[in-house]
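S.K.: Here it is, the structure, as structure tokens.
The values are calculated or read from the model by the stated rules, or taken from the named source; none is laboratory data. Since the structure is predicted, the reported quantities are computational estimates derived from the model, not experimental observations. Note that we place each Cβ from the backbone using ideal geometry, even for glycine, and neighbour counts take in every protein chain shown.
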Amino acid sequence: MIEFWLSAGLLLLASLGFLLIPVLRGRKVQAEEDRTALNVTLYQERLQELESQRQVGTLNDEQWQNGRDEAARELLADTDGAESKARTGVLGNKVPLAAALLMPLLGYGLYLYWGAIDDVERARTFAEQPQTIEAMTARLEASVKADPKSVEGWYFLGRTYMAQERAGEAASAFERAAGLAGREPELLGQWAQALYFAGDKHWTEQLQALTDEALRADPAEVTSLGLLGIAAYEEGRFEDAIGFWDRLVAALPEQDPSRQAIQGGIERARERLAAPTDAPPAAAANQQLTVKVELAAALQDKVQPSDSVFVFARAASGSPMPLAVKRLTVADLPAEVSLSDSDAMMPQLKLSGFEQVQLVARISRSGNASTGEWIGRSQPLASSTREPQQLTIDSVDGQAQ
């Protein structure tokens, strides 16, 4: 805001200059008036001297008259310019001085009433690109605090909370957005999804009511369809899960990258339907990968302790969607983590469902698991591998993976 107030100050000085010019000119007029008074006094003294000379006989009547005329002409010549200047300063000094004093106060008061200093500050803040997801969150929190009726502000704040695994706060943000936007289906779906993960994946009557309301308004609302499929799969209702996910695939665009992952979930649900028992094999149930993650020495000075570190396993071929993921920070390194089906982001995409996987560790300053600055990758390995794996973050993350 320094630039704003500096510009305002320069404009104020310029306007005061115009107001104070008459005051400065008034001083010159006063000097002219003082000189005129002196000329009049000298004129009167000259007349008295001529009268004295006439009385003693030094001057005759004609010489006396000529002397008076000459003195009068000199007086007129000296006072003619001064009188015209004095007429231009008839307002005096009081009005310009009063205006000069009142203008800053008046301008400040009018700006407080009609100005938009908060909007200027907010626009200036949003013009700067945030460097971390924490900075983005702080900016969105400040935005909704300044404008609590902003649907977009609450919506994006909820999405940011979800990216930080703060599902409870995301649910509150989506609830505010849905209330302001007239309970739009998309917002109801996002609200239900956040509540589901905040409640440790327990289905409730509130979740059912929200998804039902969303689908009544929009039968192709994708978040609600995906959430209902996940809940049905987790409860062993595989036919219901297939039905919801089939509707979801039909609603998604052909080029949507998530279609492949959803199709995989549908196939897995069909396999579970065909299996003699709903319980997974014992080996798969206990399956986990142990990963030792460290940071290359050459990168120690290029990262911050608070930078996010995502350690995940993904299918060696096919969808790049993580099968299991853990989140750390650079300050936690070196660290040993375990990845299993309990760390799955989606129930239809689990570690035990793929024979070959790849281990990845990514440093992301923005807190986004899909893109970052530095990365380490393993060679493809069997998902049933029991030996601890070593993973070093040592390469530039050239593209989202």
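S.K.: Assess whether residue 158 counts as being at pLDDT below 95, closer than 30 Å to residue 306 by Cα and assigned to a helix (DSSP H, G or I).
M.R.: yes
S.K.: Looking at (1) touching a helix residue (DSSP H, G or I) at 6+ places or on another chain (Cβ under 7 Å); (2) assigned to a helix (DSSP H, G or I), can you tell me which one residue 208 breaks?
M.R.: Status for residue 208: all satisfied but (1).
S.K.: Can you tell me which residue is modelled with the highest pLDDT among those in the range 161-201 that are in contact with a Gly (Cβ under 7 Å, 6 or more places away or on another chain) and under 15 Å from residue 367 (Cβ atoms)?
M.R.: Among residues in the range 161-201 that are in contact with a Gly (Cβ under 7 Å, 6 or more places away or on another chain) and under 15 Å from residue 367 (Cβ atoms), the one modelled with the highest pLDDT is 170.
S.K.: A further question follows. Mind checking which strands (runs of 3 or more DSSP E) fall wholly inside the range 301-401 and carry at least 2 residues that are farther than 26 Å from residue 255 by Cα and within 29 Å of the chain's Cα centre (by Cα)?
M.R.: In the range 301-401, 308-315, 322-329, 356-364, 374-377 are the strands (runs of 3 or more DSSP E) which contain 2 or more residues that are farther than 26 Å from residue 255 by Cα and within 29 Å of the chain's Cα centre (by Cα).
S.K.: Then there's this: Which count do you get for residues in the range 174-210 that are surrounded by 14 or more Cβ atoms within 10 Å (Cβ to Cβ) and under 31 Å from the mean Cα position of the chain (by Cα)?
M.R.: Qualifying residue count for the region: 25.
S.K.: Does residue 59 qualify as being at pLDDT 65 or above, farther than 30 Å from residue 106 by Cβ and not in a helix (DSSP H, G or I)?
M.R.: For residue 59, the condition - at pLDDT 65 or above, farther than 30 Å from residue 106 by Cβ and not in a helix (DSSP H, G or I) - is met.
S.K.: Okay, next question. Please go through the range 42-57 and give me each residue that is touching a residue at least 12 places away in the same chain (Cβ under 8 Å) and hydroxyl-bearing (Ser, Thr, Tyr), ordered by number.
M.R.: Result: 43, single match.
S.K.: Pick from the range 235-244 the residues that are touching a residue at least 24 places away in the same chain (Cβ under 8 Å) and either over 16 Å from residue 271 (Cβ atoms) or surrounded by 16 or more Cβ atoms within 10 Å (Cβ to Cβ) (or both): which of them is nearest to the chain's Cα centre (by Cα)?
M.R.: 241
S.K.: In this structure, does residue 216 turn out to be in a helix (DSSP H, G or I), within 19 Å of residue 350 (Cα to Cα), charged (D, E, K, R) and without any contact (Cβ under 8 Å) to a residue 24 or more places away in the chain?
M.R.: no
S.K.: With the requirement that a residue be surrounded by fewer than 20 Cβ atoms within 10 Å (Cβ to Cβ), under 16 Å from residue 383 (Cβ atoms) and modelled with pLDDT of 90 or more, what does the range 327-354 give you?
M.R.: 338
S.K.: Let me ask something else. Please go through the range 155-173 and give me each residue that is aromatic (Phe, Trp, Tyr) and within 13 Å of the chain's Cα centre (by Cα), ordered by number.
M.R.: 156, the sole residue that qualifies.
S.K.: State all residues of the range 273-286 that are at pLDDT below 85 and either surrounded by 10 or more Cβ atoms within 10 Å (Cβ to Cβ) or among the small types (Gly, Ala, Ser) (or both); if no residue qualifies, say none.
M.R.: Matches in the range 273-286: 274, 275, 279, 280, 281, 282, 283, 284, 285, 286.
S.K.: Being of a type in the set (Lys, Arg) and either assigned by TED's automatic domain parsing to the domain that holds residue 333 or modelled with pLDDT of 90 or more (or both), is that true of even one residue in the range 287-300?
M.R.: Within the range 287-300 (the criterion being of a type in the set (Lys, Arg) and either assigned by TED's automatic domain parsing to the domain that holds residue 333 or modelled with pLDDT of 90 or more (or both)), the answer is yes, since at least one residue qualifies.
S.K.: Checking the condition of a type in the set (Val, Ile, Thr) and touching a Ser or Thr at 6+ places or on another chain (Cβ under 7 Å), which residue from 211, 204 passes?
M.R.: That would be 211, the only listed residue that is of a type in the set (Val, Ile, Thr) and touching a Ser or Thr at 6+ places or on another chain (Cβ under 7 Å).
S.K.: Go through (1) modelled with pLDDT of 95 or more; (2) closer than 25 Å to residue 343 by Cα and name the single condition residue 204 misses.
M.R.: (1)
S.K.: Also, I was wondering about something else. Can you run down the residue pairs with Cβ atoms below 7 Å, 6 or more apart or on separate chains, where the first is in the range 296-316 and closer than 9 Å to residue 328 by Cα and the partner is assigned to a loop (DSSP other than H, G, I, E, B) and modelled with pLDDT under 90?
M.R.: 307/365; 308/367; 310/369
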